[in-house]
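Each remark here refers to the structure printed beneath this line.
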Amino acid sequence: MKKICPILIVCLLCVFILQQTESVAITETLYGRVIVLDPGHGGLDNGASVGSTKEDELNLKICFALKEELEAKGATVYLTRTDDNDMTNRTYNYSKQDDMYLRVMKIDEYKPDLFLSIHLNSSTSSAWGSQVFYYKNSEEGKRLAEYIHEAMKPVTGTRKQISTCSFYVVRATQSLGVLVECGFISNANERGQLKSAKYQKKLAVSMTEGIEKYLNSFETSY
Ligand SMILES: [Zn+2]
């Protein structure tokens, strides 16, 4: 049998390893990142609802789609809730205060690079479009909000701007995060879109892009 040159084997092995490393670098742009998703409401609190369309259910679906996209990029993703219960898991004596307190504790427990609280908006007018809110005293929150807003714009067609807020979830957490209103459940046209799995995926892809761009903005080039 002909002897195979050991140098050739080493070379082939190197090429193989390099290829593997490269493919990880290209697809897993969020490798090592920890991201928490907070689907707003749940349990006795349906959030904004129109007929049988409930905000808490759609928030959860959008978060599942977003989790899939982020994990495909290598991120480790945790959800504050994964079913139709709020943080208290109670089916009686609903307390917004208890729910929000536990939500904040849970988000911080994971020590995430960032978190997104996912909601749907509601209005008596025909308002539509996504809007990202950040805590008024957080400069990083503002930067993160800008990246997510810009990435969502082509999908939701929003004409709204990012906005400051004092919502408990972004105010009380130690972690960096923003609250995303993905669209208006009160607008019939947008409600139809928000209910479709295809549109939920589009929202997820755009938010993932915003997160990627925000996190990559820290990488310095030499
Ligand atoms: Zn909400």
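Every number in this text was worked out from the coordinates using simple rules, so none of it is lab data. Because the structure is predicted, anything quoted here is derived from the model rather than measured. Here Cβ is always computed from backbone atoms with ideal geometry, including for glycine, and neighbour counts include all displayed protein chains.
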Seminar exercise, completed: Exposure-ranked with fewest Cβ neighbours within 10 Å first, VAL50, VAL169, VAL180 stand as VAL50, VAL169, VAL180
For this session: Pick out the long, greasy-scoring helices in the chain: whole DSSP H runs spanning 24 Å or more along their own axis by Cα, mean Kyte-Doolittle at least 0.5.
Result: 6-27
Seminar exercise, completed: Placing +1 on each Lys and Arg Cβ and -1 on each Asp and Glu Cβ in the chain, then taking the dipole about the Cα centre, the residue among GLY47, THR27, LEU70 whose Cα reaches farthest towards the positive end is THR27
Exercise. When DSSP beta bridges are limited to those with both residues in region 66-222, what percentage is antiparallel, rounded to the nearest 5?
Worked result: 25 percent
For this session: Find the centroid of the Cα atoms in region 23-67 and in region 170-198, then give the distance between the two in whole Å.
Result: 9 Å
Problem set entry | Proportion of all alpha-carbon pairs of region 63-200 beyond 27 Å (%) | 22 percent
Exercise. HN-Hα J couplings of region 166-173 from phi, Karplus 6.51/-1.76/1.60, θ = phi - 60°, integer Hz, Gly and Pro as x?
Worked result: 10, 3, 3, 4, 8, 7, 8, 6
Problem set entry | Equivalent ellipsoid dimensions for region 35-129 as semi-axes, Å, which come from the Cα gyration tensor, largest first | 22, 18, 11
For this session: For region 113-120, take each phi angle, set θ = phi - 60°, evaluate the Karplus expression 6.51 cos²θ - 1.76 cosθ + 1.60, and give the result in whole Hz per residue in order, putting x for glycine and proline.
Result: 5, 6, 9, 10, 9, 9, 9, 10
For this session: Show which aspartates and glutamates lie in cross-link reach of LYS160 when reach means a straight Cα distance below 17 angstrom and same-chain residues fewer than eight apart are skipped.
Result: GLU146, GLU150, GLU181, GLU190
Exercise. Under a point-charge model restricted to the Cβ atoms of Lys and Arg (+1) and Asp and Glu (-1), what is the dipole moment magnitude of the chain relative to its Cα centre, in debye to the nearest 20?
Worked result: 440 debye
Exercise. How would you rank 90-97, 129-136, highest first, on the average number of other Cβ atoms within 10 Å across their residues?
Worked result: 129-136, 90-97
